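Data block below; observations after.
The values are calculated or read from the model by the stated rules, or taken from the named source; none is laboratory data. None of the values given here were measured: they were computed from a predicted structure. Methodologically, a virtual Cβ is constructed for each residue, glycine included, from the backbone with ideal geometry; neighbour enumeration extends over all protein chains shown. All accessible areas refer to the heavy atoms of the entire protein, side chains included, with ligands and DNA or RNA removed. Shrake-Rupley method; radii C 1.70, N 1.55, O 1.52, S 1.80 Å.
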Amino acid sequence: MADILSIEALRAGHGEAVVIPGLSLALAEGEALAVLGRNGVGKTTLLDSIIGVTRRFGGRLALAGRDITRLPPEARAQAGIGWVPQERNIFRSLTVEENLTATARSGPWTLARIYEMFPRLRERRANMGNQLSGGEQQMLAVGRALMLNPRILLLDEPTEGLAPIIVNELLASIRRIIRDEGMATIIVEQHARKILQVTDRAVILDRGEIVHQAASAALLADPAPLESHLGVIAKGAAA
Amino acid sequence: MTTILIDGIAYGMLLFVMASGLAVTLGLMNFVNLAHGAFAMIGGYVTALAMNRLGMPFLLTLPLAFLVPALIGAVAERMLYARLYRRSHLDQVLFSIALVFMAMTAADWLLGSSQMLVTLPGWLQGRFEIAGIGIGRYRAFLIVLCAVLVVALQLVLARTRFGARLRAAVDDQRAARGLGIDVGGIFAATFAMGSGLAGLSGALGIELMGLDPTFPLKIMVYVLIVVTIGGTASLTGPFLAALIIGTADVAGKYYIPELGAFLIYLLMIVLLILRPQGLIAPAR
Ligand SMILES: Nc1ncnc2c1ncn2[C@@H]1O[C@H](COP(=O)(O)OP(=O)(O)OP(=O)(O)O)[C@@H](O)[C@H]1O
Ligand SMILES: [Mg+2]
């Protein structure tokens, strides 16, 4: 079976700056990959390059065997990439419900199912995008990406800056999306321990390059690579 | 007195339809398009020529007065305007003012510098009376038609998926594209819609404002005043501003004709001093 996503020798960055000098990566259908790494190593640049909002200097990308290297971001999204940006980027002059429906594409993920997964969004459906708490914004960003009915989901630090109770709630939803729905997912996360329990495989980035990759279970069993590459005992170790 | 008020409201609503496209491109897309009046002129000429040369009835020419400028607007947006979105406002002003003069010269060369006259159908001529107040039939027609357009425009922006996608594109272009919105296409469609509305108002305005090659310049002043005073945070501001300007202009020209348009500029200066952020301040 063809990989759902394959990245070959990707070279990308911002303006004149090359952040990712040359990265190759493949994701199988239904696979969940954790992307770990210290601040500023290029995790966001990697995800943003997959959706296509960075500057590409070279390399190729394919989605389910189809070359998307030259497609603009809107065409990549329509081809089946659901992007949850690190800054969330909720549309502030749209209501919660409009945020979900404005970019929706038909498929198994419907408004009813998003509201069932995040009941809080249903309560807030008529609120404007700029009247939400951080947790609600993140739920909305995830719901909005799911409403595109993507073939692969890109999550950029979905739990960043959220209260612990909300973090657990959100991670439970993400586990559901990955495990129960079999959604192929690439997820950047600071809580390494927690996310390794949800993902199949992990890569550790440093200066835009993959410096280590392993099965999530192996990293959980022997966290030495986490310690050496992330510098600290991975956050969330206590949980 | 009441008659003047009604004339003023009719004129104001026409000004709003004329300025609405500019309010949208300036307020939502942050683009200064001084050539907006050129699209109004094109609409006016479409109606005048279709009536006078082809013998089409007035009402039938109105859809054309919308469609032709809308189409030209879409082409101009893709070929010319799209290149200037990221440029400074000064660049946009210089660029679009050049378009104004080119459009004026072209109109003069093709159609001559004289006023275009159209004869309205009989049922739109003359007046009728309600409770002793004389109301021009055409004025009443303008008020009703423009009211329908205002409501339709508001509904399209606030209630449709197109409106939501446009607002999303304006809020955050990068995120909108990353979520599958064809921002370029949406902007072109919006620009075309604004140009079409300008064209339609140009056609409707022949009776009130006349039509000759200087029309874009003449109307530019009015739509700019409407947008400046009204602000671009919402359409409510420009709508109120258009009603105020329309009524003041009609009343001023009736009671103190020596002053001409002086009153309008005075009003603009006073309102801008009182409410520098526009009638309705942006909610930020
Ligand atoms: N828009 C931009 N323009 C220029 N440089 C940028 C831009 N965005 C990021 N960078 C730079 O690219 C490098 C990688 O940043 P990136 O955001 O990809 O890292 P990250 O791993 O996601 O970090 P974090 O954990 O803080 O989110 C950094 O040096 C950053 O300063
Ligand atoms: Mg990041």
- request: Quote to one decimal, in nm, the extra length available between residue B:173 and residue B:79 on full extension: 0.36 nm per residue of separation minus the C-alpha distance between them.
  value: 31.9 nm
- request: Compute the distance in nm between two label points, each set 7 Å from the Cα along the Cα-to-Cβ direction, one at residue B:158 and one at residue A:176.
  value: 3.4 nm
query: Taking θ as phi - 60°, what are the ³J(HN,Hα) couplings along segment B:143-154 by the Karplus curve (6.51, -1.76, 1.60), each to the nearest whole Hz, with x for Gly and Pro?
result: 4, 5, 4, 5, 4, 4, 5, 4, 5, 4, 4, 4
query: Taking Cα atoms, how many degrees apart are the long axis of helix B:215-230 and the longest axis of chain B, rounded to 10 and kept between 0 and 90?
result: 70 degrees
message: Leaving ligands and nucleic acids out of the surface, order A:194, B:253 by accessible area at 1.4 Å, largest first.
response: B:253, A:194
query: What helices does chain A hold that run 20 Å or longer along their axis, going by alpha-carbon atoms, with a Kyte-Doolittle average of 1.0 or more, using DSSP H for the helix calls?
result: none
- request: Provide the FRET efficiency to the nearest 0.05 for the residue A:130-residue A:211 pair, computing r from the beta carbons and using R0 = 35 Å.
  value: 0.35
- prompt: For the protein assembly as shown: lysine pairs with Cα atoms under 24 Å, gap of 8 or more or different chains, count?
  reply: 4
- prompt: What dipole magnitude, in Debye to the nearest 20, does segment B:1-126 give about its Cα centre under +1 on Lys/Arg Cβ and -1 on Asp/Glu Cβ?
  reply: 320 debye
task: For segment A:3-238, build the charge dipole from Cβ charges (+1 Lys, Arg; -1 Asp, Glu) around the Cα centre, then report which of A:111, A:19, A:216 sits farthest towards its positive end.
output: A:111
task: Post the alpha-carbon centroid distance, segment B:24-100 to segment A:4-78, in whole angstrom.
output: 41 Å
query: When the helices in chain A are scored as -39500 (n - 2.57) per DSSP H run of 4 or longer and the sum is shared across all residues, what 222 nm value do you end up with, to the nearest 500 deg cm²/dmol?
result: -8500 deg cm²/dmol
statement: Taking protein heavy atoms only, a 1.4 Å probe, and rounding to whole percent, the accessible area of chain B owed to carbon and sulfur comes out at 69 percent
Share, in percent, of DSSP beta bridges within the protein assembly as shown that are antiparallel, nearest 5: 60 percent
- prompt: With every protein chain present, what accessible area does residue A:209 have (1.4 Å probe, heavy atoms only), rounded to the nearest 10 Å²?
  reply: 90 Å²
- request: Would you kindly find the accessible area of residue B:79, with a 1.4 Å probe and non-protein molecules such as ligands, DNA and RNA excluded, rounding to the nearest 10 Å²?
  value: 110 Å²
- request: Leaving out ligands, DNA and RNA, calculate the buried accessible area for the pair A and B with a 1.4 Å probe, summed over both sides, in Å² to the nearest 100.
  value: 1800 Å²
- prompt: So who's got an amide H within less than 5 Å of the one on residue A:83, skipping anything under 5 residues away but keeping other chains? H placed 1.01 Å off N, in plane.
  reply: A:154
task: Using a 1.4 Å probe and ignoring any ligands, DNA or RNA, find the accessible area of residue B:1 and quote it in Å² to the nearest 10.
output: 150 Å²
- request: Please turn the phi angles of segment B:130-138 into ³J(HN,Hα) values with the Karplus equation 6.51 cos²θ - 1.76 cosθ + 1.60 (θ = phi - 60°), one per residue in order, whole Hz, x for glycine and proline.
  value: 10, 6, x, 9, x, 10, x, 4, 5
field: Within the accessible area of segment A:65-192 (1.4 Å probe), percent carbon and sulfur
entry: 47 percent
statement: Computed over chain B: longest principal axis from alpha-carbon atoms vs helix B:262-274 long axis, angle to nearest 10 degrees, is 40 degrees
- prompt: Which value, in debye to the nearest 20, describes the size of the charge dipole of chain B about its Cα centre when Lys and Arg Cβ atoms bear +1, Asp and Glu Cβ atoms bear -1, and nothing else is charged?
  reply: 720 debye
- line: Diffing segment A:68-76: the Karplus 3J(HN,Hα) column from phi (6.51, -1.76, 1.60, θ = phi - 60°), in whole Hz with x for Gly and Pro, holds 10, 3, 9, 7, x, x, 4, 6, 5
task: Report which residues of segment B:148-181 become buried by 30 Å² or more of accessible surface when going from the isolated chain to the complete set of protein chains (1.4 Å probe; DNA, RNA and ligands ignored).
output: B:161, B:164, B:167, B:168, B:171, B:172, B:174, B:175, B:177, B:178, B:179, B:180
field: Length released on extending from residue B:3 to residue B:218, taking residue separation times 0.36 nm less the Cα-Cα span
entry: 74.9 nm
field: Under 16 Å from the residue A:160 label point (7 Å along Cα→beta-carbon), backbone N, segment B:168-183
entry: B:175
- request: Note the angle between two axes, namely the Cα long axis of helix B:236-255 and the longest principal axis of the Cα atoms of chain B, as a number of degrees from 0 to 90, rounded to the nearest 10.
  value: 30 degrees
query: Counting only residues 5 or more places away or on other chains, whose amide H sits under 5 Å from the amide H of residue A:185 once H atoms are built in the peptide plane?
result: A:31, A:32, A:33, A:153
- prompt: Add -39500 (n - 2.57) for each DSSP H run of 4 or more in chain B, then divide by its residues: what number comes out at 222 nm, to the nearest 500 deg cm²/dmol?
  reply: -24500 deg cm²/dmol
- line: Sorted by accessible surface (1.4 Å probe, heavy atoms of the protein chains only), largest first, B:36, B:89 come out as B:89, B:36
query: Rounded to the nearest 0.05, what FRET efficiency do residue B:67 and residue A:9 have when you use their Cβ-Cβ distance and R0 = 45 Å?
result: 0.35
message: Starting from 0.36 nm per residue, how many nanometres of slack lie between residue B:228 and residue B:52 once their C-alpha separation is accounted for?
response: 59.8 nm
query: Nearest-5 percent of antiparallel DSSP beta bridges in segment A:3-238?
result: 60 percent
